[in-house]
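Here is the structure we will look at, set down as structure tokens.
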Amino acid sequence: MKNRGYFLSVIMLIMIGTMGFTLNPVESQNEWSEWQKTTCAKGLDYRTKIGRYDMTRRARKWQIQFKSRYSLTMHYNYKVMSINRKKDARKIRANNPRLHLEANIESKEFALYVKANKEIYMHIDKVRFGDMDKGNNFYPCDEKKKK
């Protein structure tokens, strides 16, 4: 009877151990997604690559790259969040550095940890064009404002 209990315990440990390694709903992507347009500036595109889940951060690693189709240098802030938090985008504070992207060029790759497994939302704001990135004269988004 005692041996049977040990045997069942060992079987359960093996089952739990294998489930921990096989139950990963989203695996890493080896390839970039298609280019997607941002909602604020239609001439700014981005693409993503999904990385592994980090248990210590409780977030997934995402790689992001931007591409400008504008003819001027672009300066902007960006926030990346779960699609479920899209409505709170203006309230969420981001620690990402302000980006300066030359005309008609792709940016370097950025690695971020986001609490999103399958889909993210990219929020772009405080857009400015030209050589100088000073003042409060930000470009209004390309998208028409709702009244």
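Do you know which of the residues in the range 106-128 that are of a type in the set (G, A, S) and over 15 Å from I83 (Cα atoms) is surrounded by the fewest Cβ atoms within 10 Å (Cβ to Cβ)?
Ranking the qualifying residues of the range 106-128, first place goes to A111.
Residues that are over 13 Å from the mean Cα position of the chain (by Cα), free of Cβ contacts under 8 Å to residues at least 60 places away in the same chain and crowded, with 16+ Cβ neighbours inside 10 Å: find the strands (runs of 3 or more DSSP E) completely inside the range 32-87 holding 3 or more of those.
Once the strands (runs of 3 or more DSSP E) in the range 32-87 are filtered for at least 3 residues that are over 13 Å from the mean Cα position of the chain (by Cα), free of Cβ contacts under 8 Å to residues at least 60 places away in the same chain and crowded, with 16+ Cβ neighbours inside 10 Å, what remains is 74-82.
Just checking, which of K87, K108, K61 is more than 25 Å from E31 (Cα to Cα) and of a type in the set (K, R)?
From the options K87, K108, K61, the qualifying one is K87.
Being within 20 Å of Q65 (Cα to Cα) and more than 15 Å from the chain's Cα centre (by Cα) is the filter here; which residues of the range 88-98 pass it?
Passing the criteria: only R98.
Consider N104 carefully, then state whether it is at positive phi and in a loop (DSSP other than H, G, I, E, B).
Taking the combined requirement at face value, the residue satisfies it.
Looking at K118, is it without any contact (Cβ under 8 Å) to a residue 60 or more places away in the chain and either in a strand (DSSP E or B) or over 16 Å from Y46 (Cβ atoms) (or both)?
Criteria not met by K118.
Readers should treat all values here as calculations from the given coordinates under stated rules, not as data from a laboratory. Note that the structure is a prediction, hence the values are computed from the model and not measured. Note that each Cβ is placed from the backbone with ideal geometry, even for glycine, and that neighbours are counted across all protein chains shown.
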